[in-house]
Amino acid sequence: MYAAAVQDLIDELGRLPGIGPKSAQRIAFHLLKLPRDDALRLARSITTVKDRVSWCRRCFNIAEGGADPEVECGICTDDRRDGTVVCVVEEPRDVVAIEKTREFRGRYHVLQGAISPIDGIGPDKLRIRELLGRLQTEGIEELILCTNPNIEGDATAMYLTALLKDLPVKVSQLASGLPVGGDLEYADEITLGRALEGRRSVSG
Amino acid sequence: MYLEQLFLSDFRSYGEAEFSPAPHGITVVTGANGAGKTNLIEAVAYLSTLKSLRASPSAALIRAGAPSGSAVLRSRVRHDARLVTVDAELHATGRDRVQVNGQVLRRTRDLLGALQVTVFSPDDLSLVKGPPAGRRSYLDDLLVALQPRRYDLLSELERVLKQRNALLKSALAGRAGGGVGWRPGRPLPDDVKITLDVWDAKLVTVGESLVAARRELVDELQPLVEGAYGSLASGSAAPSRLSTTLAYEVSWSGSLAAALDAARPDDLRRGVTTVGPQRDDVALAIGALPARTHASQGEQRTLALALRLAGHRLLAAALDTPPVLLLDDVFSELDAARADSLMANLPALSETQAIVTTAGELPSGASPAAWFRVEDGKLLV
């Protein structure tokens, strides 16, 4: 329907997450109308990010260091970080979320996904082998499982717990409970149930 | 609660129509077969659950040849002094859009309760005669109507089963565990074994709470069904054929965890989960004999009505306000005596809105509060 170049662009945009055919078309025409410099700046930032950013070889967070396969992320190279505690998360964006709390001074391990047979993601597709490797070499004492509180995240945490149960490492899981600033009566049954299960004693 | 006004545009056979049933008592909708009476019932029911009565996808609900390629339903529902609007836009392609009180609905669960309905339809016979799935969804629909939060429990079960079945299939095909496919007698690769353990544990947690809720519901329904059946059938049945029982039957024995373990080789071979609440059933009996095989057609129909009436009464008591009754062409299936006794047994019509469709006569006891006629996809007063 469109010139081949335009159709190619629409197809590429349509492959991005959350962008359907209609949005792809709209963005493509927006790009066509854009001054050349603006469009090229977008193209350049895509190339730059692909050239400069890759996965940290240790924790699989995003790391800046070109095509160097030995690159490590800022957190793994930071000596002030406590290397004995490691937070296990699904995606790099979860690292950012936890970093924002400024509560955690340990390091991370990014699984790059969660177990989901429907999507063909089994444990072998996640960075689990690499995690086991780190446990042998890095002197890690505690793992905090911070997978998402949904079915797939839970399954991943349960899988890791089963896998790690005979290893000399302390494994804990992020508490799940009520959002701060919310109302008890608006909490859903499952969240409230879990919060009850994970209650803590305050006296006696 | 009652439906104050419904506006339909390009929904099923309707081009544009406006429907304002009487707030209480019976609103009759007449019309020839195929005129679109059931479509009207379906529109009301859709706004209650966002599901088609006939399990059709959204695209099938849009009038063929609708220029916009979409259907619109707008409704006003009165809860005492409170007014709730529920609007739905159905699109042939792309996502449907539902608004409650003008706010876009993000989760189906948040709609539940805005409009509650009890639907009686000729298809209800399959509650008694049909496969277990119909009886399970009878229970599950009631569970959700009684407590909308249970919607999450049901979707979690569905999700866990999908994941577990996908894993079983990929183990068989050798996609999981990176090796050859599993075959009977062969040990499972460790990866698959632990992952399957994980899904089993999830299925046990979700399954056990669903089964507990269903059992409790069956216990609550038992006296209501028996009472409804007794009064619907009295006069036309021998006393020994007036007692009815409901019994929840799980599809395994012992603990669910142990049953899943025992069924694992079988599950792996077939690539589906063969035990769990998704295989359970409710045994229905009339006079101590299974209703599916030992009851007459008339008795089965009466039992189906009794199940719906019981569900309606349970909801009415729990919600403080009776759901809207939707009776789709029900009287044509009943003999005169049963039709009259259904009419007599409809709960307090002075407080309940009942929308009744019929191609023929109404039972003698009916005194409608409003009449509508459907003709060529148009609704006439």
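At a Cα cut-off below 20 Å, give the lysines reachable from B:Lys129, other chains included and same-chain residues fewer than 8 away excluded.
Reachable lysines: none.
Rounded to the nearest angstrom and ordered from largest down, what semi-axes does the equivalent ellipsoid of the range A:1-140 get from its C-alpha gyration tensor (root of 5λ)?
Rounded to whole Å, the semi-axes are 36, 19, 14.
Can you give me the angle between helix A:4-14 and the longest principal axis of chain A, using Cα atoms only, in degrees from 0 to 90, rounded to the nearest 10?
Helix A:4-14 and the main axis of chain A meet at about 20 degrees.
Can you return the lysines within cross-link range of A:Lys33? Criterion is Cα-Cα under 20 Å, with same-chain partners fewer than 8 residues away left out.
Partners found: A:Lys22.
List every residue whose amide H lies under 5 Å from the amide H of B:Phe120, counting only residues 5 or more places away in sequence or on a different chain, with H placed 1.01 Å from N in the peptide plane.
B:Leu326, B:Leu327, B:Asp328
So for the range A:82-203, what percent of the C-alpha to C-alpha distances run longer than 22 Å?
Tail of the P(r) past 22 Å holds 40 percent of the pairs.
Which of A:Ile140, A:Ile27, A:Ile62 moves the most in a Gaussian network model of chain A with Cα springs under 10 Å?
A:Ile27
Report, as a whole number in µm² per second, the diffusion coefficient that Stokes-Einstein gives for the range B:297-376 at 10 °C and 1.306 mPa s using the Kirkwood radius over alpha carbon pairs.
D, rounded to a whole number, is 117 µm²/s.
Write down the accessible area per residue of the protein assembly as shown in Å², having rolled a 1.4 Å probe over the full set of protein chains.
50
Is there a simple number for the mean count of other chain Cβ atoms within 10 Å of the Cβ of residues in A:122-131, and what is it?
Counting Cβ atoms of other protein chains within 10 Å of each residue's Cβ and averaging gives 3.
Counting only protein heavy atoms and rolling a 1.4 Å probe, how much accessible area do B and A lose on contact, total for both sides, in Å² to 100?
So the total buried area for this chain pair works out to about 1800 Å².
How many Cβ atoms of partner chains, on average, are near each residue of A:183-193 if near means within 10 Å of its Cβ?
2
Round to a whole number: what % of the accessible area of the protein assembly as shown belongs to carbon and sulfur, probe 1.4 Å?
53
So for the range B:251-364, what percent of the C-alpha to C-alpha distances run longer than 24 Å?
Considering the range B:251-364, 50 percent of its Cα-Cα pairs are separated by more than 24 Å.
Could you tell me which helices of chain B pass both thresholds, a Cα extent of 24 Å or more along their own axis and a mean Kyte-Doolittle hydropathy of at least -1.0, with helices taken as whole DSSP H runs?
B:150-173, B:190-233, B:297-319
Helix A:36-52: angle to the longest alpha-carbon principal axis of chain A, degrees 0 to 90, nearest 10?
Compared with the principal axis, the helix lies near 40 degrees.
Rounded to two decimals, what ratio of Rg to Rh does the protein assembly as shown give with C-alpha atoms and a Kirkwood Rh?
Ratio of gyration radius to Kirkwood radius: 1.04.
Beyond 22 Å, how much of the Cα-Cα pair distribution for the range B:9-91 remains, as a whole percent?
In whole percent, the share of Cα-Cα pairs in the range B:9-91 beyond 22 Å is 26.
Of B:His79, B:Val160, B:Gly287, which is farthest along the charge dipole of the protein assembly as shown in the positive direction, counting Lys and Arg as +1 and Asp and Glu as -1 at C-beta?
B:Val160
For chain B, compute Rh as the Kirkwood radius over C-alpha pairs and then the Stokes-Einstein diffusion coefficient at 25 °C and 0.890 mPa s; write the answer in µm²/s, rounded to an integer.
Reported coefficient: 108 µm²/s.
Helix-derived [θ] at 222 nm for chain B: sum -39500 (n - 2.57) over DSSP H runs of at least 4, divide by residue count, nearest 500?
Result for chain B, helices only: -13500 deg cm²/dmol.
Placing unit charges on C-beta atoms (Lys and Arg positive, Asp and Glu negative, everything else neutral), compute the dipole magnitude of chain B about its Cα centre in debye, rounded to 20.
1120
Could you point to the residue in B:Thr108, A:Ile190, A:Pro168 farthest towards the positive end of the protein assembly as shown's charge dipole, with +1 and -1 charges on the Cβ of Lys/Arg and Asp/Glu respectively?
Most positive-ward Cα: A:Pro168.
Can you tell me which aspartates and glutamates have their Cα less than 14 Å from the Cα of B:Lys162? Leave out same-chain residues fewer than eight positions away.
Candidates past the 8-residue exclusion: A:Asp119, A:Glu152, B:Asp200, B:Asp267.
Could you state the angle between the C-alpha long axis of helix A:151-164 and the longest principal axis of the C-alpha atoms of chain A, as a value from 0 to 90 degrees rounded to the nearest 10?
50
What does the range B:1-145 give for Rg and for Dmax, in Å, if only its C-alpha atoms count?
Over the range B:1-145's Cα set, Rg and Dmax evaluate to 15.3, 42 Å.
Please find, in a Gaussian network model of chain A (springs between Cα atoms separated by less than 10 Å), the residue of A:Val169, A:Val96, A:Val85 whose mean-square fluctuation is greatest.
A:Val96
Among B:Leu289, B:Leu90, B:Leu143, which one shows the biggest mean-square fluctuation in a GNM of chain B, springs joining Cα atoms closer than 10 Å?
B:Leu289
Based on DSSP H runs of at least 4 residues, each adding -39500 (n - 2.57), what is the mean residue ellipticity at 222 nm of chain A after dividing by all its residues, to the nearest 500 deg cm²/dmol?
Result for chain A: -13000 deg cm²/dmol, rounded to the nearest 500.
From the alpha carbon gyration tensor of the range B:147-258, can you work out the equivalent ellipsoid semi-axes (sqrt of 5 times each eigenvalue) and give them in Å, largest to smallest?
Sorted largest first and rounded, they come to 43, 16, 11 Å.
The values are calculated or read from the model by the stated rules, or taken from the named source; none is laboratory data. Note that this is a predicted model, so its numbers are computed, not measured. Positions of Cβ are backbone-derived with ideal geometry, glycine not excepted, and every protein chain shown enters the neighbour counts. Ligands, DNA and RNA are excluded from the accessible area calculation, which covers all protein heavy atoms including side chains. Shrake-Rupley method; radii C 1.70, N 1.55, O 1.52, S 1.80 Å.
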